[in-house]
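First the structure, in the form of structure tokens, and then the observations on it.
Here, each number is a calculation from the coordinates, and none is a lab measurement. Not measured: the values here are computed from a predicted model. Here the Cβ positions follow ideal geometry from the backbone for every residue, glycine too, while neighbour counts run over all protein chains shown.
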Amino acid sequence: MQKFPMTAEGLSRLQEELRQLKAEERPAVIRAIAEARAHGDLSENAEYHAARERQSFIEGRIAELEAIIPSVEVIDPSKMSGDQVRFGAHVTVVDEETEDEKTYRIVGQYEADMKASSISISSPLAKALIGKKVGDSVEVPAPGGSRVYEIAAVRFG
């Protein structure tokens with residue numbers, strides 16, 4: 001069985017999503033389907049078809065989460081230190097062309113969120129950064145051509 005690295009916070013979010021889907025979303029969609037059925041002809045009942053579509057999504061997501069959660073390997077980045085980039089690190093990089101500075105946290109593939117500046121360990125940027133140290137430069141393939149970043153800082157926790 002393949003293990004997926006994840007932070008404790010990421011696992012907690014997935015477990016909460018699963019709980020909400022089972023305890024709240026699933027019963028609500030079942031009620032919506034029953035209500036739509038009561039309206040009669042199902043072939044032209046948009047509410048019924050929308051509820052069935054939502055039910056399909058919910059059941060699919062529940063199955064996905066139930067497959068992922070047992071395969072999670074929780075890694076605690078707060079117990080790590082050093083200047084080498086590893087899973088869980090907050091990495092500050094400087095684009096060598098534009099001098100733009102950004103900080104990313106390297107997390108598991110099921111908890112990545114660009115809005116929160118969390119990137120998947122399997123992303124091209126994270127793959128290029130893993131194992132490197134402060135001061136190193138990395139070249140990352142991008143749709144508009146390769147980008148070169150210098151690692152300015154690495155911190156954990």
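Angle of helix 8-20 to the longest C-alpha principal axis of the chain, folded into 0 to 90 degrees and rounded to 10: 10°. Only Lys, Arg, Asp and Glu carry charge here, each on its Cβ (+1 for the first two, -1 for the last two); on that basis the chain has a dipole of about 540 debye about its Cα centre.
I need to check one value: relative contact order of the stretch 26-76, counting alpha carbon pairs closer than 8 Å and at least 6 residues apart, in percent.
Relative contact order here is 35 percent.
Amide H contacts under 5 Å for residue 4: 72, 73, restricted to partners 5 or more places along the chain or on a different chain, H placed in the peptide plane at 1.01 Å from N. The string of couplings for the stretch 137-152 from the Karplus curve (6.51, -1.76, 1.60, θ = phi - 60°) is 10, 10, 9, 10, x, 9, x, x, x, 4, 10, 10, 10, 9, 7, 8 Hz, one whole number per residue in order, with x for Gly and Pro. Counting only residues at least eight positions apart within a chain, or on another chain, the lysines with an alpha carbon under 25 Å from that of residue 132 are 3, 79, 102, 115.
Cα convex hull, the stretch 77-155: 86 Å³ per residue, rounded to a whole number.
The residue list 6, 39, 27 was ranked by how far each Cα lies along the charge dipole of the stretch 1-41 toward its positive end, using unit charges on Cβ atoms, and 6 comes out on top.
Our estimate of slack between residue 22 and residue 52, defined as 0.36 nm per intervening residue step minus the Cα-Cα distance, is 9.2 nm. Taking amide H positions as modeled 1.01 Å from N, with prolines and chain starts lacking one, the residues under 5 Å from residue 153 and 5 or more places away or on another chain are 92. Please work out the ratio of the alpha-carbon Rg of the chain to 2.2 N^0.38 Å and round it to two decimals. The chain yields a ratio of 1.42. Considering helices alone, the calculated mean residue ellipticity of the chain at 222 nm is -11500 deg cm²/dmol, with DSSP H runs of length four and up weighted by -39500 (n - 2.57) and normalised per residue.
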